[in-house]
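The values are calculated or read from the model by the stated rules, or taken from the named source; none is laboratory data. All values reported here derive from a predicted model rather than from experimental measurement. Using ideal geometry, Cβ is built from the backbone for each residue, glycine included, and neighbour counts are taken over all protein chains shown. For accessibility, only protein heavy atoms count, side chains too; no ligands or nucleic acids. Shrake-Rupley method; radii C 1.70, N 1.55, O 1.52, S 1.80 Å.
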Amino acid sequence: MPTVNTFVHVRNPHKDIPSKYSNYLSQKFNYDPFWCSNSTSNGPRMKPSFMVLGVAKSATTSLHNLLLKHPSILPPLVKEPGYWLDGGGIFRYTDIGEYEYVFPCFPPNESDKSKFVTFESTAFYFTGLKVQNIARLKEWSPPTIKFVVLVRDPIDRAFSQFKMFLYNNMKNGNGPSWSEEMTVESQVASLFNVTVYNKVGFCGVSLAAGEVCHSLYDVAYKNWLQVFTKERFLFVHDRDLIKNTESTLNNIFKFLSLPPQQYETLTQVKNENPLPYEMHPLTKEFLREFYKRHNTEFFKMIGKDLGWNEN
């Protein structure tokens with residue numbers, strides 16, 4: 001079991017980062033990438049012992065930041081490298097060497113190597129990876145890799161992602177329309193037609209089809225279980241992270257074989273959506289019915305009813 005670290009990792013802002021990434025990193029992240037004093041930029045790198053697979057708009061950024069406070073967890077250079085998604089992630093990685101560069105060097109002392117782990121948190125991995133990409137991930141990963149998945153009521157999650165899409169596009173003067181006065185049919189049409197990636201087809205064809213499809217947890221989990229066993233996964237409800245922060249985090253650390261830590265209750269979720277829009281009650285009723293069978297199947301798979309089918 002990893003213990004509280006004695007090695008102090010050396011941080012040297014942007015010195016050990018490819019120049020094309022440095023401006024992005026300095027603007028986007030509130031911690032400095034680090035380099036190990038005994039390593040060149042091409043030196044040996046750690047591989048993630050675990051990953052936060054998502055899901056998007058379920059407090060994954062808040063969880064990522066909280067995990068970074070654990071003394072045995074070393075940060076990646078970026079939260080969401082997204083390498084295993086088709087087309088790459090933030091930096092459109094096409095080379096595994098570039099992706100491996102996201103992770104920290106091993107500590108310089110041999111005795112410290114077992115005391116640290118690292119990870120990444122790409123929010124669309126759980127619902128966005130095809131089976132062949134999951135298989136590639138398994139071939140590359142350490143044999144003991146584990147996965148933490150934050151989940152949220154599918155309707156709330158889909159609508160939050162939809163509003164984020166609206167907000168980002170409204171700043172540019174485009175994107176779909178939305179108002180609380182719209183008909184239920186128009187609201188449903190907007191929700192089902194918005195895309196995050198190129199739309200290949202509706203939910204059963206492509207999990208990257210849109211906001212609504214990224215809440216089909218049962219479909220996504222079946223893909224992952226074709227490659228990994230259930231013991232590799234820990235599902236965490238976002239409301240537990242928000243309301244019972246310390247106990248929820250320590251359950252995660254127990255799953256990861258890390259020592260417990262003290263945390264204050266989460267008071268604000270990162271990247272909360274700024275738009276005040278509400279959904280028509282009949283639109284919500286339509287989506288509740290749409291998700292019901294998927295939720296029921298997911299509850300069976302994880303052995304727990306999360307109450308999403310209740311009105």
I'd like the full set of residues that are within 15 Å of Val131 (Cβ to Cβ), assigned to a helix (DSSP H, G or I) and not small (Gly, Ala, Ser), limited to segment 219-230.
Val219, Tyr221, Lys222, Asn223, Trp224, Leu225
State all residues of segment 195-232 that are open to solvent by less than 20 Å² (accessible area, probe 1.4 Å) and at pLDDT 90 or above; if no residue qualifies, say none.
Ser215, Leu216, Tyr217, Asp218, Ala220, Tyr221, Trp224, Phe228
Restricting attention to segment 286-309, which residues are touching a residue at least 24 places away in the same chain (Cβ under 8 Å) and in a helix (DSSP H, G or I)?
Phe286, Leu287, Arg288, Phe290, Tyr291, His294, Asn295, Glu297, Phe298, Met301, Ile302
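Considering only segment 123-152, state which residues are open to solvent by less than 70 Å² (accessible area, probe 1.4 Å), farther than 17 Å from Cys213 by Cα and among the hydroxyl-bearing types (Ser, Thr, Tyr). Break it down into steps so the answer makes sense when it comes.
So in segment 123-152, the residues open to solvent by less than 70 Å² (accessible area, probe 1.4 Å) come out as 123-129, 131, 133-135, 137, 140-142, 145-152.
If we keep only those that are farther than 17 Å from Cys213 by Cα too, we end up with 133-135, 137, 140-142, 145-148.
Correct list: Ser141 only.
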Residues satisfying the stated conditions in segment 77-94, i.e. at pLDDT 85 or above and either closer than 16 Å to Asn250 by Cβ or not small (Gly, Ala, Ser) (or both)
Lys79, Glu80, Pro81, Tyr83, Trp84, Leu85
